[in-house]
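Have a look at the structure below before the remarks.
The values are calculated or read from the model by the stated rules, or taken from the named source; none is laboratory data. Here the structure is a predicted model, which is why all the values come from computation and not from measurement. Glycine also receives a Cβ, built like all others from the backbone with ideal geometry; neighbour counts cover every protein chain displayed.
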Amino acid sequence: MPTAAEDIRYQASDLIEYATALFAAAGCDGDKPTTIATGLVEADLLGHTTHGLQLASVYLGDLANGSMTPRGEPDTVADRGGVVTWDGRRLPGVWLAAKAVDLAVARAVEHGLVTIVIRESHHIACLAAFLQRATDRGFMITIASSDPAVASVAPFGGRKAVFTPDPLAVGIPTDGDPIMIDISSSITTNGMAARLRREGKRFPGPWALDSAGQPTDNPEALFGDSPGTLLPIGGMDHGHKGYGLALMVEALTQGLSGFGRADAPPRWGAAVFIQVIDPSAFGGADAFKRETGWLAAACRATPPVPGVDAVRLPGQRGLERKRQTLKEGVKLYPGILAALEPFAVKFGIVPPRPIEDAKR
């Protein structure tokens, strides 16, 4: 009996192998194909389906049209040991960010705190997908990203877009699972807005402004000749909070890297801020985990309000989903494999088989 479409699942390793083959065939050298594929699938495992394999077809398209650089290394603009600046040369952002996190982790052993900023990177996908590269080593990590070529979020009180959603992610080791914070300065992301628009759906609330500055739940207002804007976190009432966060992210990513909106870059991409902290260089690793572990337990033990089954920590649901999905298989969001099919045909690569089909 055929498997229902909504129950089709794939082994994560098969999806990684498939995406790796596609990026290798598209010209990416070295460990780039595997790193990109692993990062995108990790996003799907954590439940960030707008920033997982859905982006693979977009990235492959950019490799084909030359707006993503497939080969080589970033240029070092500055290096003081604990502070590094790279020019990413439009190399794959997922690979650049992973490489920067690994370098920061390695150097944090000596320096205690390492900050790396990257300018002229291609898009880096899901920020949460990089956090465990540091937290699994007992290090705290902060990642921020912005796109100086794109504007879709207005400053609080305004109706002309200046910022991107400007995401910020923080990984905090504890005596158990890490706390994994992944938020945007805006109420939602451009990827989610585009998905809802394609599907003819609306936001759950007035998350955007139309071109006249009126609140709306219609993502269509963000597109067309006179687009509106996404609202910052806090919306119409307390949007100054998201506005302030966006200003900070833009300064950390574009200000520190020395390249941003003032340069009017013509192509979408990313400016990236990555900071890794070794708690042993401060009050001690054990003391750090004792404090963060106590805080995590206190949050989970808080009595929930009516209608909520339990208080969760940021990232808790994603990690639970990841463990379950690794056992049961990945259920991809509709349309992802179909978008990759033209590239598979072009490169002669066989798509992965669903788990049930593979068993037959």
Filter result for the condition that a residue is in contact (Cβ under 8 Å) with a residue 24 or more places away in the chain, assigned by TED's automatic domain parsing to the domain that holds Pro279 and within 23 Å of Asp286 (Cα to Cα), over Arg133, Arg119, Arg90 = Arg133
From the list Ala97, Ala21, Ala64, which one is closer than 19 Å to Ala129 by Cα and not in a loop (DSSP other than H, G, I, E, B)?
-> Ala97
Some residue of region 28-35 being surrounded by fewer than 16 Cβ atoms within 10 Å (Cβ to Cβ), free of Cβ contacts under 8 Å to residues at least 60 places away in the same chain and in a loop (DSSP other than H, G, I, E, B) = yes
If Asp44 satisfies every condition in (1) crowded, with 23+ Cβ neighbours inside 10 Å; (2) over 17 Å from the mean Cα position of the chain (by Cα) but one, which is the exception?
-> (2)
Helices (runs of 4 or more DSSP H) fully within region 297-360 counting 3 or more residues that are in contact (Cβ under 8 Å) with a residue 40 or more places away in the chain and within 23 Å of Ala56 (Cα to Cα) = 316-328, 336-347
Please state which of the following conditions Ser145 fails to meet, knowing it meets all the rest: (1) touching a residue at least 24 places away in the same chain (Cβ under 8 Å); (2) part of a loop (DSSP other than H, G, I, E, B); (3) touching a helix residue (DSSP H, G or I) at 6+ places or on another chain (Cβ under 7 Å).
-> (2)
Only unsatisfied item for Lys327, checking (1) surrounded by fewer than 13 Cβ atoms within 10 Å (Cβ to Cβ); (2) of a type in the set (Lys, Arg); (3) under 30 Å from Val150 (Cα atoms), is (3)
Test: residue in region 92-115 that is buried (at least 24 other Cβ atoms within 10 Å of the Cβ), touching a Leu at 6+ places or on another chain (Cβ under 7 Å) and closer than 23 Å to Ala251 by Cβ | no
Please enumerate the residues belonging to region 223-238 that are surrounded by fewer than 22 Cβ atoms within 10 Å (Cβ to Cβ) and more than 13 Å from Val162 (Cα to Cα).
-> Phe223, Gly224, Asp225, Ser226, Gly234, Gly235, Met236, Asp237, His238
Give me the pairs: first residue in region 169-183 and buried (at least 22 other Cβ atoms within 10 Å of the Cβ), second residue of a type in the set (Ser, Thr, Tyr) and modelled with pLDDT of 95 or more, beta-carbon distance under 6 Å, and six or more apart or on different chains, which are they?
-> Val170/Thr142; Gly171/Thr135; Ile172/Thr292; Pro173/Thr135; Pro178/Thr135
